[in-house]
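What follows is a single structure, written as structure tokens, with notes after it.
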Amino acid sequence: MSIMCGCKGAVNPFDECLYTPEATIFHVWSAQADSVQVLLMEGGEVVCKDMKKGRGDVWTAVFKGDHNGANYVFRTHTDGAWNETSAGVFAKAVSLNGDMGVVMDLRTTDPEGWDADVSPAFATPVVYELHHRDFSIDPSSGAAHPGKFLALTEPWSLSYLQDLGVTHVQILPSFDYGSIDESTLERNVYNWGYDPKNYNVPEGSYSSDPADPACRIREFKQMVMALHGAGLRVVMDVVYNHTYQTMGCALGRVNPGYFYRTGDDGELANGSGCGNETASEREMVRRFIVESVKYWHDEYHVDGFRFDLMGIHDIETMNAVRAALPADVLVYGEGWAAMAPAYPAELLAMKANMAQIPGVGAFSDDLRDVLVGSPFNSLPAFAAGAAVNVEPLKFGLAGGVEHPQVNGMVFWAAEPSQHVSYVTCHDNYCLRDRLTLSCPKATEAELLRMDKLAQTAVLTSQGMPFIFAGEELFRTKGGDENSFESPDSVNAIRWDNLRTYRNLFNYYKALIAIRKAHPAFWLGNAASVRELVSFPEAPDGCVAYFIDGDDPVMVLFNGTAESQTFDIPEGDYNVLACDGEASPVGLGNISGPQCRVKPLSATILSRI
Ligand code: CA
């Protein structure tokens, strides 16, 4: 049959289930197996077929006829025994809880208008990280689809994000994960989702009907299309560094041992802190990761990838990921691991090695720690008025690249776009809670000043700014530092805050608008940063940050509890931010050579 002949050349080993109305072709890659079977379940019948081993350890079986919607599983025979069945490592559609693969005509999952879906033009990026339930589960959201992908298709959510002005929405794990039982969603269990089960299928609990295999796929696409329509790009949080289970998951069952690193003792290595770590340096693991991101980009039109514990992956793999995606697709991640991976540190995509991974970014714990403090202690930092070494702040403002006026830092970014500027994300305390922890006696008004001061640095940095959803609404998680399975009552954003903290929202919104209006804040390359960015003399506990060029701008950070006087160049300035207020149009004019800056606040000046 012609389909068979067409497959004999270069079979993609991860094309596990190729549907046509005439036949469904199954492939599975297993080097270890001496026999592989596929079991097709349709209309109450199970048909088991032995698969044939072909080139490159790819096993093949063909079922003639139209099998759209049928369930299937693979079973491998290794070391003298049959392993448990699984959906395969690259299922593109799954049954409830992701236990079985489903034959799927993917074109039937495209929402109306999908063919015309295009990503909005790439603009000065400002990333907004959200969890589906955090964002829309609280009744105050008014969501018609609380906690679901579809909440991000609703007018309230889209207009809110547009109003705030962010450019990229980063969604917490939205591939199929294992910690939520999709058959008992009425229990309203919460999880961040860092427990991958099927990497290439959306998570069922965020769909309207996880028992309908097409539903999660279609609704994910509806979400992407709606965000694109609103001018927003979509970044996925991807967690290839470990799996929820080891021999209990497809990667373990299809290719026992292959996907994971082991230590010298032969036991599973655990750089993820979750029981295993994947071995990206192995040819087929690397290829799996690359094929997976390509698939999310091609099939789901995803515009960026945030790699969880990227430091577990090797440098070559991250370069392969970068090369496989268009240049306007963002790739960045955590340049660290939970524990030391079982692989040489100099070969890993750790923060220290970012210069070897051009076009890939890493989160700047340097900027985070100097502004609000480390997650490993409760000490106050710059934004809370503590007397700290300000070099890491200058480092972060310059986007982590080598700069003659920044001292004592390891310049890990080769380009400023590699430096993800942030103070908080889903991990650890949210901003209000971190500031409260370090300054238990601070009034709410003082905490709000600190919050604004910290984010002014993030949003004027030469790096890529990243904010955690709800920080602009002064969200609190009640001091819950690791809320990965805490209930909605802890994690949900309260939309009433938009009234209570309107001033804070407006400040964030204005900062984003100011950033977009002044390209000086996103020079985009290290040479320009070194040429145009300088740090003039400033009072103790303060930083002055000047960006020269056609549109000179200056940011004066006062991290002390007193007003401070900064020397500035002679001339007239439009004040874009001052004393906790901000406006892209300006709040008024001042003239040099001095500028007074209120305690715990930042002033942004634009030369007239
Ligand atoms: Ca799931």
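The values are calculated or read from the model by the stated rules, or taken from the named source; none is laboratory data. Since we're looking at a predicted model, the values are computed, not measured. FYI the Cβ positions are ideal-geometry reconstructions off the backbone, even for glycines, and counts take in every protein chain you see.
Worth a mention:
- Any hit, segment 218-234, residues being at pLDDT 95 or above and among the polar types (S, T, N, Q): yes
- Restricting Asn270, Asn276, Asn200, Asn241 to those that are within 16 Å of the ligand (Cβ to nearest atom) and either among the polar types (S, T, N, Q) or at pLDDT 95 or above (or both) reduces the list to Asn200.
- Selection status of Ala33, outside any strand (DSSP E or B) and among the hydrophobic types (A, V, I, L, M, F, W, C): yes
- Filtered by the rule that a residue be of a type in the set (Val, Ile, Thr) and part of a loop (DSSP other than H, G, I, E, B), segment 86-110 gives Val89, Val103.
- Meets criteria (without any contact (Cβ under 8 Å) to a residue 24 or more places away in the chain, away from the ligand (no atom under 14 Å from the Cβ) and assigned to a helix (DSSP H, G or I)) for Glu291: no
- Criterion: more than 16 Å from the ligand (Cβ to nearest atom), over 17 Å from Val302 (Cα atoms) and in contact with a Leu (Cβ under 9 Å, 6 or more places away or on another chain) - qualifying residue of Val103, Val126: Val103
- When Arg282 is tested against (1) crowded, with 19+ Cβ neighbours inside 10 Å; (2) farther than 29 Å from Phe149 by Cα; (3) free of Cβ contacts under 8 Å to residues at least 60 places away in the same chain; (4) out of contact with any His (no Cβ under 6 Å at 6 or more places or on another chain), just one condition goes unmet, and that condition is (1).
Yes/no matrix, rows are residues, columns are (1) within 20 Å of Phe376 (Cβ to Cβ); (2) assigned to a loop (DSSP other than H, G, I, E, B); (3) within 22 Å of the chain's Cα centre (by Cα):
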{"site": "Val410", "(1), (2), (3)": "yes, yes, no"}
{"site": "Ala413", "(1), (2), (3)": "no, yes, yes"}
{"site": "Val423", "(1), (2), (3)": "yes, yes, yes"}
{"site": "His426", "(1), (2), (3)": "yes, yes, yes"}
{"site": "Leu435", "(1), (2), (3)": "yes, no, no"}
{"site": "Arg449", "(1), (2), (3)": "no, no, no"}
{"site": "Ala457", "(1), (2), (3)": "no, no, yes"}
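- So Ala527, is it over 28 Å from Val372 (Cβ atoms) and at pLDDT 95 or above: yes
- Single unsatisfied condition, Asp195 versus (1) buried (at least 22 other Cβ atoms within 10 Å of the Cβ); (2) among the acidic types (Asp, Glu); (3) within 12 Å of the ligand (Cβ to nearest atom): (1)
- Looking only at segment 131-187, and only at residues there that are closer than 23 Å to Pro120 by Cβ and in a strand (DSSP E or B), the one that is farthest from the ligand (Cβ to nearest atom): His168
- Picking from residues in segment 237-283 that are among the hydroxyl-bearing types (Ser, Thr, Tyr) and in a loop (DSSP other than H, G, I, E, B), the one that is farthest from Glu203 (Cα to Cα) is Tyr258.
- Count of residues meeting criterion [closer than 30 Å to Ile493 by Cα, surrounded by fewer than 24 Cβ atoms within 10 Å (Cβ to Cβ) and among the aromatic types (Phe, Trp, Tyr)] in segment 393-442: 1
- Test: Leu459 is within 25 Å of Ser606 (Cβ to Cβ) and modelled with pLDDT of 95 or more: yes
- Residue within segment 302-315 that is surrounded by fewer than 19 Cβ atoms within 10 Å (Cβ to Cβ) and in contact with a helix residue (DSSP H, G or I) (Cβ under 9 Å, 6 or more places away or on another chain) present: no
- Meets criteria (polar (S, T, N, Q), surrounded by 15 or more Cβ atoms within 10 Å (Cβ to Cβ) and either part of a loop (DSSP other than H, G, I, E, B) or touching a His at 6+ places or on another chain (Cβ under 6 Å) (or both)) for Thr124: yes
- Of the strands (runs of 3 or more DSSP E) lying entirely inside segment 510-608, those containing at least 3 residues that are touching a residue at least 40 places away in the same chain (Cβ under 8 Å) are 542-547, 553-558, 601-607.
Residues checked against (1) within 24 Å of Lys516 (Cβ to Cβ); (2) among the charged types (D, E, K, R):
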residue	(1), (2)
Val533	yes, no
Glu537	no, yes
Leu556	yes, no
Phe566	no, no
Glu581	yes, yes
Pro593	no, no
Ile604	yes, no
